[in-house]
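The values are calculated or read from the model by the stated rules, or taken from the named source; none is laboratory data. In this text, all values refer to a predicted model and were calculated from it rather than measured experimentally. Cβ placement follows ideal geometry from the backbone for every residue including glycine, while neighbour counts extend to all protein chains displayed.
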Amino acid sequence: MPSQTQPLPDPSSPAGDDPVLAEFRKSIDNIDAALIHILAERFRITQAVGKYKARASLPPADPGREQLQIARLRKLSEEAELDPEFSEKFLRFIIDEVIRHHEKAQSRQG
C-alpha cells in the first residue's frame, strides 16, 4: 500500500519547490495582510480619539487605561498561548505611536 504522506523536500532545493512550505507561507501572508488592515483601522479610530482629546483639552496619554489594557491583553495572551512579554512589547509599541499621534493633534489644535 503506497504511503499517503508527502516526501520531505530536498534541503538543497529552493523553498518554492516545497508545496507544504508554500501553503504555510500563503497562510502567513494572509494573516499578515489581515494584521495590516486591522492596525490601519485601529489607527483610524485612535486618530479620531486624538482629535477629540485635543478639542476637549484632554491629555494625550492615559497611563491608567494603558495599564488596564496591558493587563487585559497579557491575560488574553496567556489564554491564547502567546508569550505575554511579546504581547506587552507589541502593545507598548502601538500605544507609544498612538500617544505620538495624539501629541501631534494637540500641537495642531493649540
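Residue check: Gln67 meets all listed conditions (1) of a type in the set (S, T, N, Q); (2) within 21 Å of Leu35 (Cβ to Cβ); (3) without any contact (Cβ under 8 Å) to a residue 24 or more places away in the chain but one, namely (2).
Given the structure, is Phe90 surrounded by 12 or more Cβ atoms within 10 Å (Cβ to Cβ) and either in contact with a Pro (Cβ under 8 Å, 6 or more places away or on another chain) or without any contact (Cβ under 8 Å) to a residue 12 or more places away in the chain (or both)?
For Phe90, the condition - surrounded by 12 or more Cβ atoms within 10 Å (Cβ to Cβ) and either in contact with a Pro (Cβ under 8 Å, 6 or more places away or on another chain) or without any contact (Cβ under 8 Å) to a residue 12 or more places away in the chain (or both) - is met.
Here Gly64 clears all of (1) over 18 Å from Gln109 (Cα atoms); (2) of a type outside the set (Phe, Trp, Tyr); (3) within 16 Å of the chain's Cα centre (by Cα) except the condition numbered (3). Checking each residue in region 46-70 for being of a type in the set (A, V, I, L, M) and exposed (fewer than 11 other Cβ atoms within 10 Å of the Cβ) picks out only Ala56.
In this structure, Ser107 qualifies as modelled with pLDDT under 95, part of a helix (DSSP H, G or I) and among the hydroxyl-bearing types (Ser, Thr, Tyr).
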